[in-house]
Every structure is written in C-alpha cells, then in structure tokens.
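Input: a single structure, listed below in structure tokens.
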C-alpha cells in the first residue's frame, strides 16, 4: 500500500459524484469499493492506493421518460493507480432483447477512454457520463426499430388471418365522462373503426371493423382510458356481434359521438330518449341490431 495519488483521488471523487447522481437502487457498490469510499469521505489523508479497481454496477431505464422501459446495466471500473488511461472502463451487460451480433456491434461503438479524437482532454467523469447517454441512445433506437418491425409483421399477419368485418355492440350502465367518450371516438379513428358512442344511462358503444382490431381497441380503452377506474367498476358488456358481408355493409362512414343529437330527460338530463335513438338506428339500417341490444326485440 502507498499514499493515494491525485489520479486515485480523482477516481474517488468521480465515484462520489455517481453516488450523488443515482439512487442506491440504481447504483450498487461492492463491499470493498464501498469501504474505500467511506474511508476517503471520512478522512481523505488516511486513504491508501490499491492495485484493485473501484467497481460499480449501474442499472438504468433505457428511456427514462417511458414507464416500464427496458433496462440496461453498466459495469464501471475506476483504477486507483496512475495508469488511468489504460483501465477506466464502462461496459453495458448484454440486454435480453439483443442477440450476440447486435450486442457486439453496440460494444464496438464504445470508444475506450483516451483513444478517441478528443478523449485525451476529457475527464473520466465526462467520459463515463457521455458513454452512458450514448449507449442508452443506441438502445432506444434499436428498441424503436424492433418495435416497428414487430408491428409491421403483426399488421401483415392480421391482414392475412383476419379480414372478416363485424359490427359489435357494447352496453354500459352509465357513460358520462367527456374525456373517456372522446377516447372511445379518437382511439377508434386511429385504427379505422367506424360506429358511434352514445353517453348517458345507459351508454352504448357500437363499432365496425375486424374482430382482432376491435378486441385490441377495447383492450386499449380499458388499460389506458379507464386506467384510473377500479377494475370492478369497468362495467361494459358485449351484447351482439353481427357479421358483415363486406366493407359496403358498414352502416357508418366514420366514428362519432351522437349524444348531442339525442333528446335527454331526467333530473340530471342524462337519460337519452330511446325512441329517438331507435328512429335514428332504423334510419341508419341497424334498427334490428339496436332492438336486440337495448329493447330485446328484433334479432
């Protein structure tokens, strides 16, 4: 053992910086490294140099702004000896979503400390933090690429396996919140569904499209738009599925809310005039469906 060198002090200062930037759940220090750091913080003059590297493991979300993001784990080595340019290293562990070739390509993009065009002038702290952000950016791009590829493959598979159109009617005991009604309309438009939303007591949702798209649409409504509603309050019942011969059999040309065009009554003006709704449904050619769903008449 010998007196701690200025280079060693710089590495301990960097380690202290990392502990202040990241939480204890993100940054893990082995017992030996933690002991050296504690001694240095308590009495810098009593800290001795060592041939062993300071080590740390840093676990971060790849996209810090995305809830449930995939994570990446970095292994960081900081030498206490003077030969820092040879041994300052940061290396990500192989994420589960990368194959060996993709992982090797990622590692090859990491320039060793002191070997880049300007690395000689950079502090180890700048090198470590820049490498973290560079790796995360590369992984974000790879995740987007993989997600796009999977979506394209899923779309092709859906087109091949599910081309039959249907009309599905859903019954809700109550539907009033404007935001959730807007979501029903907007989410449907995004995936090409047609139909209508009727708010009130009861509420009615009717959508036309393929079975797969409708099922995904309803899953999104429940998981995103209704995420703040307790599970036992998410009361929506599928009342009827009607096969359609072709796209010309659609009764609706788009997705819209019809609440405002229906007369309402009741203390809170929340009950729609079902006779007027029935008249509209007859006009749109879905009167029998409506009867089966709401009035238990028709087939």
(message) Contact list please: Cβ distance under 8 Å, first residue in region 1-25 and on the phi < 0 side of the Ramachandran plot, second residue assigned to a loop (DSSP other than H, G, I, E, B) and at pLDDT 90 or above, pairs at least six apart or on different chains.
(response) 15/29; 19/29
(message) Restricting to region 243-274, name every residue that is modelled with pLDDT of 80 or more and over 26 Å from residue 212 (Cα atoms).
(response) 259, 260, 261
(message) Which residue is modelled with the lowest pLDDT, if the candidates are limited to region 92-110 and must be surrounded by 15 or more Cβ atoms within 10 Å (Cβ to Cβ) and under 21 Å from residue 15 (Cα atoms)?
(response) 110
(message) For residue 47, only one of the following conditions fails: (1) surrounded by 15 or more Cβ atoms within 10 Å (Cβ to Cβ); (2) at pLDDT 85 or above; (3) in contact with a helix residue (DSSP H, G or I) (Cβ under 8 Å, 6 or more places away or on another chain). What is its number?
(response) (2)
(request) Restrict the check to region 145-165 and report whether at least one residue is out of contact with any helix residue (DSSP H, G or I) (no Cβ under 9 Å at 6 or more places or on another chain) and at pLDDT 80 or above. (result) yes
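The values are calculated or read from the model by the stated rules, or taken from the named source; none is laboratory data. Source: prediction; values computed, not measured. Glycine also receives a Cβ, built like all others from the backbone with ideal geometry; neighbour counts cover every protein chain displayed.
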